[in-house]
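Written below as C-alpha cells is the structure these notes are about.
The values are calculated or read from the model by the stated rules, or taken from the named source; none is laboratory data. Because the structure is a prediction, the values reported are computed rather than measured. Glycine also receives a Cβ, built like all others from the backbone with ideal geometry; neighbour counts cover every protein chain displayed.
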Amino acid sequence: MKKIVILFIGALFMFTSCEETESPIYDSNTTDSSQILAYFSRTSADLGILVDQTGQLIVPIGSSTLSGQDRTVTISVVADASTADPVTYSLPSSVTIPANSYFGDLVIDGFDNGVETTPETLTLKLDSFDNGVVSTQQLEISIFQVCPIPATYLVGNYLLTDSDGNFGVDVPVNLSIDPDDDTARIFTAEFLPGTGVARDVDVVLNLKCFLYIIDDVDINVTCQQGGPGFIITEAGANNSAYDLADDTVHTVNYTSDPLGSCGAASTQNFTLTKQ
C-alpha cells in the first residue's frame, strides 16, 4: 500500500509597486471614433473537425456602440503564435457588423487535411474597425480532429476494477456524457481508497478517435514530505483503444505516479464492465 501524506502548499506573497493608470471608457452612446471599440466576444475557442469531414466555429465580434450603417472589422492571423496548417482552416479577412446591431459573426471553417487529435493553435487579431478602434485582445483557437461517438456508448452503470488499487475493485460507478464535451465520459469514484487521504474525484475519460485518454487526477498528496505529488495521468504511447462495436468491457490504460512520488512511474489500467 502506498504511504500517502498530505502535501501542504505554501503561498508566496509578492509585494510590488504600482502606479495608477486610466483605461479608456467606451460609451455606448458616443459618436467619438476613438471611443468606439471592436472586440472578440471570447478569448479562446475550440474547432473540432470530424474525421474525414469538416467543422465550423462561429465567434461573434462585438462593437461597443450601435450604428445606423454596416461596419467592417478586418482580421488577420498571428503567424508567430499559430501552429495550425493553413490547409486545415478557412476564414474571411473581414466581418460585417450589420446596421443597428452590436455583433457580427466571424465564421471559421475547418477541414480534415492531416488534422490530428492533438490540438494545433490558430491565433487571430483584429486590425481595423470602421469609425472606431480595435481591442488588442487576441483570439486563440484550438483545432483538432474528433470522431463521432454514439450518445449511448459508455453511458450508464459499470463496475470499476483498478489494477493498482488507485480506484479499488468492483466499485459501482455511473458514467455520463461530459457536459463540456460530448466525446468524453465522466464518473465519480473514490481515489486512493484505504490510504487515509481517500477522496471522491470526478474522472474524465476522453474518447479521442479510438483511444481512451484520461484527464489528470491530482488531489495534492505525496509519499514524500515536501516531495512531488502523487498523480495519475494518460498513458501516452500506451493509451489503450476502444471499439465502438463493443460496449460491455472497457480497459483504460493510464500512467501511475509519473512524478515518482512513491517510487517510479508505471503503466496501470482500470476496467469498466457494463452492468
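Here are the numbers for this structure:
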{"read-out": "Wholly within the range 54-126, strands (runs of 3 or more DSSP E) carrying at least 3 residues that are of a type outside the set (A, V, I, L, M) and either surrounded by 14 or more Cβ atoms within 10 Å (Cβ to Cβ) or touching a residue at least 12 places away in the same chain (Cβ under 8 Å) (or both)", "value": "54-63, 71-77, 103-111"}
{"read-out": "Positions within the range 188-197 being modelled with pLDDT under 95 and closer than 21 Å to V173 by Cβ, in sequence order", "value": "G194, T195, V197"}
{"read-out": "Residues (among the β-branched types (V, I, T) and farther than 11 Å from I186 by Cα) located in the range 197-228", "value": "V197, I213, V217, I219, V221, T222"}
{"read-out": "Elements of type strands (runs of 3 or more DSSP E) contained in the range 211-275, each with 2 or more residues being closer than 19 Å to V171 by Cβ", "value": "212-214, 249-256, 266-274"}
{"read-out": "Residues that are closer than 25 Å to G48 by Cβ, in a loop (DSSP other than H, G, I, E, B) and of a type in the set (S, T, N, Q), drawn from the range 137-172", "value": "Q137, Q138, T152"}
{"read-out": "Which listed residue is farther than 22 Å from P150 by Cβ, loosely packed, with under 15 Cβ neighbours inside 10 Å and either in contact with a Pro (Cβ under 7 Å, 6 or more places away or on another chain) or in contact (Cβ under 8 Å) with a residue 40 or more places away in the chain (or both), from G194, G165", "value": "G194"}
{"read-out": "Conditions (1) part of a strand (DSSP E or B); (2) in the same structural domain as V249 (by TED's automatic domain parsing); (3) crowded, with 18+ Cβ neighbours inside 10 Å; number of the one not met by I177", "value": "(3)"}
